[in-house]
Amino acid sequence: MLHRFGNDYGMVRQSTPELDDWRAFYSVQLQRYLQSKHTRQIVTDAEGDMIKDLIHDHWKQIRARGLLEGRSAEQKLSIFRSVKIIFPFYVSPEILESKVVTVDFLNKSRLAAADRCRCGSGMPFMMCCGRTEGADELSRGTF
């Protein structure tokens, strides 16, 4: 059963040998990326998309050079491990958030969280004119 459903990399067999190679390359590079991060995980969808696109671009270069033709799985894994992708330092919006001090410059005073908005809506300032976009809104671009 293992030989029937597994490939030479010890992974689940894909529909084509090329997809088997892609999955192995992706796994090697993704593991390298995650080991370089403090959290050891992908935090946002945007980060995941960026990393997958970067790995795929390097995969296309390997295929275009024909480095994998006629090689065994061990030789291909050696090639996959020798590829050094320089991953950008990705900081999620949650990490960049800092304490915002709201100030009413007209009255020269700081606004508390419960203070009513100066626009006259009757809502708290932090839910009206002082609202800032959340991390999920920033990463998806919906604000």
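The values are calculated or read from the model by the stated rules, or taken from the named source; none is laboratory data. As the structure is a computational prediction, the values presented were derived from the model and not from experiment. Because the Cβ atoms are built from the backbone with ideal geometry, glycine has one as well, and the counts that use them run over all protein chains shown.
Could you go through the stretch 33-49 and let me know if any residue there is assigned to a helix (DSSP H, G or I), within 14 Å of the chain's Cα centre (by Cα), crowded, with 16+ Cβ neighbours inside 10 Å and modelled with pLDDT of 90 or more. Yes: one or more hits. Restricting attention to the stretch 97-124, the residues that are surrounded by 10 or more Cβ atoms within 10 Å (Cβ to Cβ) and either basic (K, R) or modelled with pLDDT of 80 or more (or both) total 10. The set of residues from the stretch 1-59 being in contact with a Phe, Trp or Tyr (Cβ under 9 Å, 6 or more places away or on another chain), in contact (Cβ under 8 Å) with a residue 40 or more places away in the chain and within 19 Å of S82 (Cβ to Cβ) comprises D21, A24, F25, V28, Q29, R32, Y33, S36.
Residues are listed down the side, and each one gets a yes or a no for (1) acidic (D, E); (2) modelled with pLDDT of 95 or more; (3) closer than 15 Å to S27 by Cα; (4) part of a helix (DSSP H, G or I):
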position: I51; (1), (2), (3), (4): no, no, yes, yes
position: I55; (1), (2), (3), (4): no, yes, yes, yes
position: R63; (1), (2), (3), (4): no, no, no, yes
position: E69; (1), (2), (3), (4): yes, no, no, no
position: I86; (1), (2), (3), (4): no, no, no, no
position: Y90; (1), (2), (3), (4): no, no, no, no
position: I95; (1), (2), (3), (4): no, no, no, yes
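So that you can scan it fast, the table gives a plain yes or no per residue for (1) under 25 Å from S78 (Cβ atoms); (2) small (G, A, S); (3) not assigned by TED's automatic domain parsing to the domain that holds K84:
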| residue | (1), (2), (3) |
| --- | --- |
| N7 | yes, no, no |
| A24 | yes, yes, no |
| V43 | no, no, no |
| M50 | no, no, no |
| R65 | yes, no, no |
